[in-house]
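The values are calculated or read from the model by the stated rules, or taken from the named source; none is laboratory data. As the structure is a computational prediction, the values presented were derived from the model and not from experiment. Reconstructed Cβ throughout: ideal geometry from the backbone, glycine too, with neighbour counts over all protein chains shown. Side chains are part of the model used for accessible areas, which takes the heavy atoms of the whole protein and leaves out ligands, DNA and RNA. Shrake-Rupley method; radii C 1.70, N 1.55, O 1.52, S 1.80 Å.
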Amino acid sequence: MVRELTPELAAIAKKDLNENPKQLENDLTNLKEWISKQPHLKARTDDQWLAALLRGCKFSLERAKSKLDLFYTLRSTAPDVTLRLKPTEPAFIEFLRLGTCLILPQSKNLHPTVIMIRPGAFDPEKYNGADIMCILYYLVQILVMENDVAAVMGTMILVDYQNVTMSHLTQANPSLLKKLVAVSQDSLPLRLKGSHHVNVPPGIEIIFKLVSGFLGEKAKQRLRIYKCYEELLEILPKDTVPVEYGGSGSSVKEVIEYWENKIIEYRPWLEEEMKYGTDESKRVNKDNYDVSNQGSFRALDID
């Protein structure tokens with residue numbers, strides 16, 4: 001069963017996403033039937049999960065099929081990003097506790113959910129920037145199962161580069177950056193409504209230039225750089241920004257503890273999730289999502 005939206009959120013979903021509650025059940029049935037006919041694909045078919053996927057694609061069944069396929073394909077073809085840390089293993093919690101990836105509490109106002117990335121919080125001698133995306137990859141799945149505002153309103157990425165060193169930056173090779181964009185922009189079920197960057201260090205321009213080659217046009221237009229946290233509070237809801245950053249939201253420690261508890265709560269669900277993916281030897285069209293082919297998974301765009 002799909003959770004019923006609040007009247008205000010339902011109105012936004014109808015206007016912005018083309019959602020029709022009377023058509024939703026039929027859309028879910030069509031998507032499930034399509035999944036069952038794909039010999040290479042083993043995918044989750046929970047109604048709430050698929051509904052979030054449809055919302056992220058503005059109820060275009062063809063876009064939803066492509067995104068769903070890509071989501072699980074990347075688990076098979078880009079394990080260096082999606083399976084670096086498995087959510088069912090202690091190493092996942094260990095890295096989560098560093099606070100490199102924080103999905104902030106939902107604002108009381110209807111606003112895109114804010115995902116805060118803090119790459120300077122990890123030791124580059126021990127971890128890799130791809131670990132952050134791996135954390136995000138699984139936290140988002142829990143998010144869309146619980147947060148209808150995120151599914152309807154989308155997300156905003158906030159990147160704080162405080163304490164980022166040259167050792168962090170040198171990890172960002174073009175191949176890895178391409179995969180990170182594929183996961184975050186093209187495969188996740190949530191619409192990306194913009195990315196905001198603060199404490200940007202010297203040398204980051206090279207990485208921005210590389211990443212821009214993989215971004216859709218809307219993503220490029222929505223990328224913003226800020227000089228200080230005060231500027232961020234002008235565009236982000238103060239009640240969701242952590243107190244350490246001048247907001248009135250939960251502390252970083254509290255956000256980490258919240259998501260650690262969620263990972264524990266969802267452990268059976270995540271254990272099942274580990275069984276899903278693709279068998280590329282059974283794929284009918286093998287050219288669609290070959291991550292070795294530059295730009296081959298750029299069929300989708302953010303919105």
> Computed from these coordinates, which is Cα extents along the principal axes in Å: (i) 74, 40, 33; (ii) 49, 45, 38; (iii) 52, 49, 38?
Replying inline: (ii)
>> For the chain, what does the accessible surface come to per residue with a 1.4 Å probe? Please give it in Å².
In response: 45 Å²
> What are the lysines whose alpha-carbon lies under 20 Å from the alpha-carbon of K282, with same-chain residues fewer than 8 places away excluded?
Replying inline: K32, K37, K42, K65, K67
> Tell me, what is the 1.4 Å probe accessible area of R224, in Å² to the nearest 10?
Replying inline: 110 Å²
> What net charge do the residues around D148 carry, taking every other residue with its C-beta under 14 Å from that of D148, with Lys and Arg at +1 and Asp and Glu at -1?
Replying inline: -2
> Using a 1.4 Å probe on the protein chains only, how many percent of the accessible area of segment 52-107 belongs to carbon and sulfur?
Replying inline: 50 percent
> If you add up the charges near K22, with Lys and Arg at +1 and Asp and Glu at -1, over every other residue whose beta carbon is less than 14 angstrom from its beta carbon, what do you get?
Replying inline: -3
> Gain in length, E89 to D47, computed as 0.36 nm per residue apart minus the alpha-carbon separation, to one decimal in nm?
Replying inline: 12.5 nm
>> Compute the orientation-averaged projected area for segment 117-177 from the convex hull of its Cα atoms and round it to one decimal in nm².
In response: 4.9 nm²
> Taking only DSSP H segments of four or more residues, each worth -39500 (n - 2.57), what value at 222 nm results for the chain once the sum is divided by all its residues, to the nearest 500 deg cm²/dmol?
Replying inline: -13000 deg cm²/dmol
> What net charge is computed for the residues neighbouring A64, neighbours being all others with C-beta under 12 Å from the C-beta of A64, Lys and Arg scored +1, Asp and Glu -1?
Replying inline: +3
> So what is the relative contact order of the chain, in percent, for Cα pairs below 8 Å that sit 6 or more residues apart?
Replying inline: 23 percent
> For T88, what accessible area in Å² do you get when you roll a 1.4 Å probe over the heavy atoms of the protein chains, rounding to the nearest 10?
Replying inline: 30 Å²
